[in-house]
Amino acid sequence: MNPRLLFVLRRLGLTIPVLFVMSVVIFLIIRLVPGDPVRTMLGFRATPESVAQVRAQLHLDDPLWTQYRDWVAGVLHGDFGQDFVSKAPLSELLAQRVPVTLEITLLSMVLAVAVGVPLGVRAAVGGRWVRRLTEGFVVFGISVPDFWLGIMLVLVCAGTMMWLPPSGYVPFMEDPGGNLTYMILPVLTLAVAEAAYIIRTTRGAMLGVIGRPFIVYLRAKGTKERSIVYRHALRNAATPIATVIGIQFGVLLGGAIVVETLFALPGVGRLIVTAINQRNYPVVQAGLFVVATLFILVSLITDLVVGFIDPQVSDRGDS
Amino acid sequence: MTAKSIPAGVTAVVRAFFWLPRSARAGVLILVVLVIVTLLAPLIAPHDPNAIDPTRVLAGPDLGHPFGADALGRDVFSRTVYALRTSLAIVFASVAVASLAALPLGTAAGYFGGWVDQVISRPLDMLLVLPALLLAITLIAIVGPGSIVAALAIALIYLPILARVQRAASLVVAHAGFVEGGRARGWSSFAVLRRHVVPNALGPLLVQAAILAGFAVQIEASLSFLGLGTQPPTPSLGLMLSEGRDVLTQAPWVEIFPGLAIAVIVLAFNLLGDGLRHRLDPQGMVS
């Protein structure tokens, strides 16, 4: 069998148990809450009738196995149940919230890659000044907490200078320009740390490639330095860079939770945090499920991309 | 004073300090200062961190109050000192719990391999399925917010990472000649592990623990910032940042100093971790 096809199939096969365990854990959240979750949700003044009603509504009295089966069947049909507070279907809520989170994470990632990869290359092959500056940026980006950086950006760009709105959101479909204006600060906040990691990895990978004999050969052959660096060296350094981009996507999904709260953006992260504080367990479950699924899919895609960039990975068979 | 009068422990500490690269020494010094500050918090903080003073609401920094006052007139400097105490306690607790759990699990998985490895590593891998912050939030969703839950959540995030590093290090040592020698002498597995494997495989775990400790400060601050970690009125850096955001334009000092404190701790742990990496992890097992 074609080794690449085998690699893809094997990697897909690994994803299924992971999805299964993740769904079980998230399903169990509401059942693991100490005491009676319904009493916690309704507060202490709830009447026994209303408690019994909510228990029945959430099917908490069915056998555990039946509950899990029904929940997964619902999720597979796009039915996440009902918001416990507003009674709205969760699928509609998620359909509004998920695009916001995706927009922030994807824009941050694009910005971080667009800045991080060229700077990482310059950090490996550039002069002393470029090296110093990028090193400083990396230390800064990794050490400074992202949300504090966000607050400082608000202070400078929105507070003192009045350049940008400090927080808020309009959907892209209603006002594309306004939407992007609101996105600038959150995206910058997230992108700085991402760019720092991408620079560090790119620099390390480039340094590993640049000393190899084929680069010496290309130099001897008189190939232009630009072409050596970007066409030959960078291509050979692509595997660790792609890997770190995939890993950092998960970090971004986590960071989005904080940044959404900070900038009052209606994304999934803010949804989850609000729901935890309200003990609104069905919303917590649905939100966590969506983010975890996104994360698992991104890991899958990253591994497949790395497998295709670097045949050594896919030929080895393990991943 | 002659060399003999210096206790052996002190010379060992001094030697270990100078064995580190220079940047790591800076990290150690910063951490020592911070730990002393937190231990002596009642002596160093000029005011009660929770004392509300209506006459000093959002007062700017001055000599008696170097970091100014917050929206309730509380002294930001004193609060930062006490918040450092909370944050460092959570960080040390979480990293210690995770390391102590990862040490036996990772060692056994790496040394024995086979089904022992499968039984230990597969469940731990499952913890890596969720992004770190989301895993912490899941645990908090179940148990409810609080400092101890935050520490446990961070430990839960770090356990699979540390166990994986310890497993890789033990796997390398398990095939070394001196381990073979111990076995050939008829030592029990436990004796071989204790005498040969663990001492020789400990380096990468220490490096990873130092690096993770820095990020634990950030995670703890993020959780408290979201209202899911340390609860008021206990001062914590993340909580201070969330309070300071509301008065950002009138009183930026409420926000700036706790954030700088976090950045300094993370930087110090990163310097230490990078230095230890140069000395203890030549094979680059720590990512």
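Residues in the range B:11-23 carry Karplus couplings, in order, of 4, 4, 5, 4, 4, 4, 5, 7, 6, 6, x, 4, 4 Hz; the curve used is 6.51 cos²θ - 1.76 cosθ + 1.60 with θ = phi - 60°, and Gly or Pro positions show x. For the range A:262-310 versus the range A:230-250, the inter-centroid distance based on Cα atoms is 23 Å. Around the Cα centre of the range B:157-280, unit charges on the Cβ atoms of Lys, Arg, Asp and Glu (plus for the first two, minus for the last two) sum to a dipole of about 900 debye. With the cut-off at 1.5 for a/c, could you classify chain A from its C-alpha gyration tensor as rounded, prolate or oblate? The shape class here is oblate. The portion of the accessible surface of the protein assembly as shown made up by carbon and sulfur, rounded to a whole percent, is 68 (1.4 Å probe; DNA, RNA and ligands excluded). 3J(HN,Hα) along the range B:216-231, derived from phi through the Karplus expression 6.51 cos²θ - 1.76 cosθ + 1.60 where θ = phi - 60°, amounts to 4, 4, 5, 5, 4, 5, 4, 5, 5, 4, 7, x, 9, x, 4, 9 Hz, with x in place of Gly and Pro.
Using the alpha carbons alone, the radius of gyration of the range A:162-319 stands to its Kirkwood radius in an Rg to Rh ratio of 1.11. Accessible area of B:LEU40 (1.4 Å probe, protein heavy atoms only, ligands and nucleic acids ignored): about 70 Å².
Of the residues B:ALA16, B:SER147, B:SER236, the one whose Cα sits farthest toward the positive end of the charge dipole of the protein assembly as shown, with +1 on the Cβ of Lys and Arg and -1 on the Cβ of Asp and Glu, is B:ALA16. Computed over the range B:36-182, the percent of Cα pairs more than 28 Å apart is 46.
Under a 10 Å cutoff between Cα atoms, tell me which one of B:LEU103, B:LEU88, B:LEU133 has the largest fluctuation in the Gaussian network model of chain B. Between B:LEU103, B:LEU88, B:LEU133, it is B:LEU133 that shows the largest mean-square fluctuation. Working from the Cα coordinates of the protein assembly as shown, the gyration tensor eigenvalues give, after taking √(5λ), semi-axes of 37, 33, 29 Å in decreasing order. Taking every C-alpha pair closer than 8 Å and separated by at least 6 residues, the mean separation divided by the residue count of chain A gives a relative contact order of 27 percent. Projecting the Cα atoms of B:THR107, B:TRP253, B:PHE190 onto the charge dipole of the range B:83-280, computed from C-beta unit charges around the Cα centre, puts B:PHE190 farthest toward the positive end.
Rolling a 1.4 angstrom probe over the protein heavy atoms with all chains in place gives the range B:83-280 an accessible area of 37 Å² per residue. Evaluating kT/(6 pi eta Rh) at 10 °C and 1.306 mPa s, with the Kirkwood radius of the range A:1-111 over Cα pairs in the Stokes-Einstein relation, gives 92 µm² s⁻¹. Charge dipole of chain A (Cα centre as origin; +1 on each Lys and Arg Cβ, -1 on each Asp and Glu Cβ, all else neutral): 1600 debye, rounded to the nearest 20. The HN-Hα couplings worked out from phi for the range A:216-229 by the Karplus form 6.51 cos²θ - 1.76 cosθ + 1.60 (θ = phi - 60°) are 4, 4, 4, 4, 4, 6, x, 5, 4, 4, 4, 5, 4, 5 Hz, whole numbers, x standing for Gly and Pro. Amide H contacts of B:LEU72 (H built 1.01 Å from N, in plane; Pro and chain starts excluded): B:LEU58 sit under 5 Å, all sequence-distant by 5 or more or on other chains. Each Lys and Arg adds +1 at its Cβ and each Asp and Glu adds -1 at its Cβ; summed about the Cα centre, the protein assembly as shown shows a dipole of about 2580 debye. Taking a ≥ b ≥ c as the square roots of the eigenvalues of the Cα gyration tensor, the range B:83-280 is prolate, since a/c reaches 1.5 or more and a/b is larger than b/c. Taking B:TYR82, A:TYR281 and ordering them by how much accessible surface each has at a 1.4 Å probe, largest first, produces B:TYR82, A:TYR281. Normalised by the number of residues in the range B:83-280, the average gap of Cα pairs under 8 Å and 6 or more apart makes the relative contact order 27 percent. Of the residues A:PHE20, A:LEU58, A:PHE7, the one whose Cα sits farthest towards the positive end of the charge dipole of the range A:1-84 is A:PHE7 (charges of +1 on Lys and Arg Cβ, -1 on Asp and Glu Cβ, taken about the Cα centre).
Here is how the number arises for chain B: DSSP H runs of 4 or more residues each give -39500 (n - 2.57), the sum is divided by the residue count, and the result at 222 nm is -23500 deg cm²/dmol. The helix-only estimate of mean residue ellipticity at 222 nm for chain A, built from DSSP H runs of length n ≥ 4 each weighted as -39500 (n - 2.57), is -24500 deg cm²/dmol after division by the residue total. Per the Kirkwood formula applied to alpha carbons, the range B:3-50 shows a radius of gyration over Rh ratio, Rg over Rh, of 1.17. Accessible surface of A:THR261, taken over heavy atoms with a 1.4 Å probe and every protein chain present, rounds to 30 Å². Taking amide hydrogens as placed 1.01 Å from N in the peptide plane, the amide H of A:GLN82 sits under 5 Å from those of A:LEU90, each at least 5 positions away in sequence or on another chain. Of the residues A:GLU174, A:GLU260, A:GLU225, ranked by 1.4 Å probe accessible area with the largest first, the sequence reads A:GLU174, A:GLU225, A:GLU260.
The values are calculated or read from the model by the stated rules, or taken from the named source; none is laboratory data. Because the structure is a prediction, the values reported are computed rather than measured. Ideal geometry is used to build each Cβ from the backbone, glycine not excepted, and the neighbour counts take in all protein chains shown. Only protein heavy atoms, including side chains, enter the accessible area calculation; ligands, DNA and RNA are left aside. Shrake-Rupley method; radii C 1.70, N 1.55, O 1.52, S 1.80 Å.
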